[in-house]
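I have placed the structure first, in the form of structure tokens, so that the comments after it can refer back to it.
The values are calculated or read from the model by the stated rules, or taken from the named source; none is laboratory data. This is a predicted model, so every value here is computed, not measured. Virtual Cβ from ideal backbone geometry, glycine too; neighbours counted across all protein chains shown.
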Amino acid sequence: MAELHLKDVAKAYGEVKVLSNINLDIDQGELIVFVGPSGCGKSTLLRMIAGLERITGGTLEIDGRVVNDVPPAQRGIAMVFQSYALYPHMTVRDNMCFALKIAKMSQDEISKRVENAARILQLTPYLDRLPKALSGGQRQRVAIGRSIVRDPKVYLFDEPLSNLDAALRVATRIEIAQLKESMPDSTMIYVTHDQVEAMTLASRIVVLAGGGISQVGTPLELYEKPQNTFVAQFIGSPAMNLLKGEIIGTGEETRIRVPSGAEITAKVPSAANLMGASVEVGVRPEDLVVVTDGTQGFLPFETEISERLGDVTVLYSSAEPGGKQLIAKLPGIVHVERGSKLSLTAAPEKVHVFHNGISLLYL
């Protein structure tokens with residue numbers, strides 16, 4: 001298994017720059033997830049690592065060797081695509097061992113590797129079936145097994161669950177997590193647009209935006225300490241609420257006045273030169289609570305839509321000036337009618353503060 005080092009990696013199509021200044025170190029045994037909006041370049045970056053796209057700037061090292069100009073077959077990688085790409089006329093066994101036969105590996109070694117991969121992926125009963133006799137989740141496991149038998153240095157997954165329905169996606173996601181647990185030294189890079197996959201699978205998440213890396217960190221680091229407003233709203237569902245505000249107190253804690261006239265305390269340090277600065281106050285929908293003790297919360301909220309989901313109730317406010325809608329995610333079943341007016345607040349440690357789009361924690 002291998003480490004990867006990307007140094008100032010860039011990709012351009014003629015005059016169009018897709019990615020630039022990508023600097024990332026991936027340790028052996030990590031499961032790194034690339035996430036970001038459509039068109040941010042996450043699949044392009046994965047294909048550059050695989051050798052399917054040419055790197056137009058910077059260097060890529062795999063296991064200490066620069067591989068910019070090394071063909072894909074010689075990089076020691078295996079890739080699982082969004083489409084299963086199985087040979088329909090071959091059995092599961094033949095699909096999994098096809099690349100090994102092409103490499104002229106001994107039959108004993110081929111059988112050993114296929115049986116081991118089938119055991120890990122719980123495919124042993126299906127080795128003699130054709131792909132058409134398998135479910136979508138089983139076909140995706142065969143595609144993963146085809147990678148495992150090659151014993152690569154790095155596994156690459158390009159949105160492998162996108163073609164599955166919701167129930168299968170959850171089941172296969174669990175299977176991938178179990179696969180990683182059974183192969184702790186394997187280095188894996190996984191591309192997805194689904195943040196639930198990212199949050200549950202990743203050792204670290206790489207958030208891509210604007211042609212570069214917006215933030216790298218563990219799932220909880222990105223959730224609890226987003227570096228900027230983009231990450232704050234991209235990670236977490238529903239997205240973080242952002243309110244305009246003005247700093248009226250600095251120090252170890254920050255005091256902010258919001259448009260309602262209320263004052264908020266955030267357990268975020270701020271420099272004295274930020275006094276009077278315009279900022280954005282961020283509060284996640286699940287961190288908002290309804291004030292019931294007669295005091296006034298900092299966020300007046302008029303309910304427009306109420307979604308009772310059983311475990312939680314999601315409330316959407318009437319649009320604020322400028323078209324912004326606020327969201328509150330309350331535990332359990334809450335009976336709130338349309339037009340109901342609530343007063344909401346949040347604990348100081350749950351309040352985020354951003355100046356010019358950057359969290360005060362990173363200034």
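Restricting attention to segment 161-199, the residues that are part of a loop (DSSP other than H, G, I, E, B) and either of a type in the set (A, V, I, L, M, F, W, C) or under 23 Å from G236 (Cβ atoms) (or both) total 7. You will find that of V191, V170, V196, the residue that is surrounded by fewer than 19 Cβ atoms within 10 Å (Cβ to Cβ), within 13 Å of the chain's Cα centre (by Cα) and within 29 Å of L86 (Cβ to Cβ) is V196 and no other. Across segment 242-253, not a single residue is classified as over 16 Å from F354 (Cα atoms) and buried (at least 18 other Cβ atoms within 10 Å of the Cβ).
Table: residues versus (1) in the same structural domain as V353 (by TED's automatic domain parsing); (2) modelled with pLDDT of 95 or more; (3) under 25 Å from the mean Cα position of the chain (by Cα); (4) over 13 Å from L344 (Cα atoms).
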| position | (1), (2), (3), (4) |
| --- | --- |
| R255 | yes, yes, no, yes |
| V283 | yes, yes, yes, no |
| V291 | yes, no, no, no |
| Q296 | yes, no, no, no |
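If the condition is being part of a loop (DSSP other than H, G, I, E, B) and surrounded by 19 or more Cβ atoms within 10 Å (Cβ to Cβ), then segment 278-296 contributes R284, L288. Taken over segment 227-260, the criterion of being on the phi < 0 side of the Ramachandran plot, in a strand (DSSP E or B) and out of contact with any Phe, Trp or Tyr (no Cβ under 8 Å at 6 or more places or on another chain) is satisfied by N241, L243, K244, G245, E246, I247, I248, G249, T254, R255, I256, R257.
Inspection of segment 332-345 identifies no residue that is assigned to a loop (DSSP other than H, G, I, E, B), under 20 Å from L363 (Cα atoms) and hydroxyl-bearing (S, T, Y).
Has segment 204-225 got any residue that is on the phi > 0 side of the Ramachandran plot and in a loop (DSSP other than H, G, I, E, B)? Yes, some residue in segment 204-225 is on the phi > 0 side of the Ramachandran plot and in a loop (DSSP other than H, G, I, E, B).
Taken over segment 124-139, the criterion of being within 13 Å of T172 (Cβ to Cβ) and out of contact with any Ser or Thr (no Cβ under 6 Å at 6 or more places or on another chain) is satisfied by L134, S135, G136, Q138, R139. Does Y13 satisfy being farther than 17 Å from Q215 by Cα, aromatic (F, W, Y) and either surrounded by 20 or more Cβ atoms within 10 Å (Cβ to Cβ) or not assigned by TED's automatic domain parsing to the domain that holds Y155 (or both)? So Y13 does not fit the description; no.
Evaluate segment 91-101: report whether one residue or more is surrounded by fewer than 13 Cβ atoms within 10 Å (Cβ to Cβ) and at pLDDT below 95. There is at least one residue in segment 91-101 that is surrounded by fewer than 13 Cβ atoms within 10 Å (Cβ to Cβ) and at pLDDT below 95.
Just one of the listed residues (E109, E159) is acidic (D, E), in contact with a strand residue (DSSP E or B) (Cβ under 9 Å, 6 or more places away or on another chain) and in the same structural domain as G51 (by TED's automatic domain parsing), namely E159. Among the residues of segment 127-141, those that are over 32 Å from the mean Cα position of the chain (by Cα) and either in a helix (DSSP H, G or I) or not basic (K, R) (or both) comprise L127, D128, L130, A133. Of everything listed in (1) of a type in the set (S, T, Y); (2) under 21 Å from A10 (Cα atoms); (3) surrounded by fewer than 22 Cβ atoms within 10 Å (Cβ to Cβ), the single unmet condition for S203 is (2).
Somewhere in segment 320-330, is a residue exposed (fewer than 12 other Cβ atoms within 10 Å of the Cβ), within 30 Å of the chain's Cα centre (by Cα) and either assigned by TED's automatic domain parsing to the domain that holds R257 or closer than 17 Å to E263 by Cβ (or both)?
Within segment 320-330, one or more residues are exposed (fewer than 12 other Cβ atoms within 10 Å of the Cβ), within 30 Å of the chain's Cα centre (by Cα) and either assigned by TED's automatic domain parsing to the domain that holds R257 or closer than 17 Å to E263 by Cβ (or both).
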